[in-house]
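Remarks on the structure that follows.
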Amino acid sequence: METSINVSKNLPYIIILCGAGAFFMILAFLFLSVVLVVPHKFSLLFALGGGCFLGAIALARGPDNFIKSMGEGEKLKLSIVYGASILGTLAGSLAFKSNIISLAFAIAQVIFSLKIFEKWNR
């Protein structure tokens with residue numbers, strides 16, 4: 001019941017975040033062909049897209065419920081590593097401007113986002 005209240009109340013924001021996430025992901029995959037030359041562009045766009053999708057999920061479930069569900073059992077480890085990979089990607093792209101750091105964290109982000117998707121859909 002509470003989830004439907006959150007969705008109806010936050011629907012415009014959820015749609016905006018999903019649209020922004022899709023936009024960033026499409027742009028990231030357009031840079032996939034040149035990822036070895038400019039990995040920080042792919043990494044930054046992929047991190048922004050993942051963050052937008054996480055924000056949309058948090059609004060749909062309610063931020064408190066979302067944070068509680070991320071901290072349960074096996075999900076806690078994956079959530080921490082995924083969060084660290086997003087922060088590492090952003091730091092590598094924006095602060096350090098390092099292609100190697102950006103690419104390493106982007107690969108970790110892709111791997112752990114797939115593991116999280118697999119874990120949460122069981």
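The values are calculated or read from the model by the stated rules, or taken from the named source; none is laboratory data. Just so you know, these numbers come straight off a predicted model, no measurement behind them. Please note: Cβ atoms are built from the backbone with ideal geometry, for glycine as well, and neighbour counts cover all protein chains shown.
Below are the figures for this structure:
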read-out	value
Output for segment 82-122, where each listed residue is hydroxyl-bearing (S, T, Y) and in a helix (DSSP H, G or I)	Y82, S85, T89, S93, S102, S113
Cβ-Cβ under 7 Å pairs, at least 6 apart or on other chains, segment 35-54 side closer than 15 Å to A95 by Cβ, far side in a loop (DSSP other than H, G, I, E, B)	H40/K97
Within segment 1-81, helices (runs of 4 or more DSSP H) holding 3 or more residues that are surrounded by fewer than 14 Cβ atoms within 10 Å (Cβ to Cβ)	2-30, 63-70
Near pairs, Cβ below 6 angstrom, 6+ apart or cross-chain, from segment 84-107 (modelled with pLDDT under 90) to any residue that is of a type in the set (D, E, K, R)	none
